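Every number in this text was worked out from the coordinates using simple rules, so none of it is lab data. Predicted model only: the values in this text are computed from it and were never measured. Glycine gets a Cβ as well: all are built from the backbone with ideal geometry, and neighbour counts include every protein chain shown.
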Amino acid sequence: SGDHDIKGRLKLLPRVDNMKSLGLSLIEKYNGKPALLTKSGSLHRGDDYIEIGMNTFRFGYLTKKGVSSILNRIKDFEFHAAFTLEGRTDAELPEQTLCAIRIQGLDLEKIASEKELPPP
C-alpha cells in the first residue's frame, strides 16, 4: 500500500536449528536475533494475501558478505522464521506473528539449474 510506517516496522525473526552441527559458530550469536527490514523489505497486499519481499542488495556490506558465505549451504539448514510488526507502544504489545515458515532442504543451486538461471 506504500505505507512507509508499516514497512519500517516489519521485523524478521530467523533461526537455524542445526547451527552447531553445521559448524557455523562464528555467526551463532546472531541466530534468532530479530531484524527490522526497513529499506530492504517490501509489502504487497492482494485480495486475500500479503506478500513480503526482501531485497538483499539493500543489506549492509557485512550482512551481504555473511549471507553470500553461507548461501551454498542453505540446503543443509533446518530453518524457520516469523514476521511481525514492531510494537512501539504499550497498546501494540505483545507483538503478534503475521506469518511463520519452516524450510528444510532448500537447494537453491538445483532450483536455479531447473529454471536455467545462473547458480547463486
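Could you state the angle between the C-alpha long axis of helix 61-70 and the longest principal axis of the C-alpha atoms of the chain, as a value from 0 to 90 degrees rounded to the nearest 10?
Result, in degrees: 50.
So for each of 9-22, 97-110 I average, over its residues, the number of other beta carbons within 10 Å; can you give me the resulting order with the highest mean first?
Highest-to-lowest ranking by the protection proxy: 9-22, 97-110.
Show the residues, 5+ positions off or on another chain, whose built amide H is closer than 5 Å to the amide H of residue 78.
Placed amide hydrogens put 17, 18 under 5 Å from residue 78.
222 nm [θ] for the chain, helices only, -39500 (n - 2.57) per DSSP H run of 4+, per residue, to 500? Present the calculation step by step, with values, prior to reporting the outcome.
On the way: 3 runs with 21 residues, N = 120.
Computed ellipticity for the chain at 222 nm equals -4500 deg cm²/dmol.
Could you work out the relative contact order of segment 19-66? I mean the mean sequence separation of Cα pairs under 8 Å and 6+ apart, divided by the number of residues, in percent.
24
Sorted by mean Cβ packing within 10 Å, highest first, what order do the peptides 32-44, 73-85, 57-69 take?
Highest-to-lowest ranking by the protection proxy: 73-85, 32-44, 57-69.
Report the number of Lys pairs in the chain whose alpha-carbons are under 23 Å apart, with separation of 8 or more residues or on distinct chains.
Lysine pairs satisfying the spacing and distance rule in the chain number 27.
Let me check against my output: what whole-number percent is the relative contact order of the chain, with C-alpha pairs under 8 Å and at least 6 apart?
The normalised contact order for the chain reaches 26 percent.
Just the ratio, please: alpha-carbon radius of gyration of the chain over 2.2 N^0.38 Å, N its number of residues.
In units of the globular-protein estimate, the chain measures up at 1.16.
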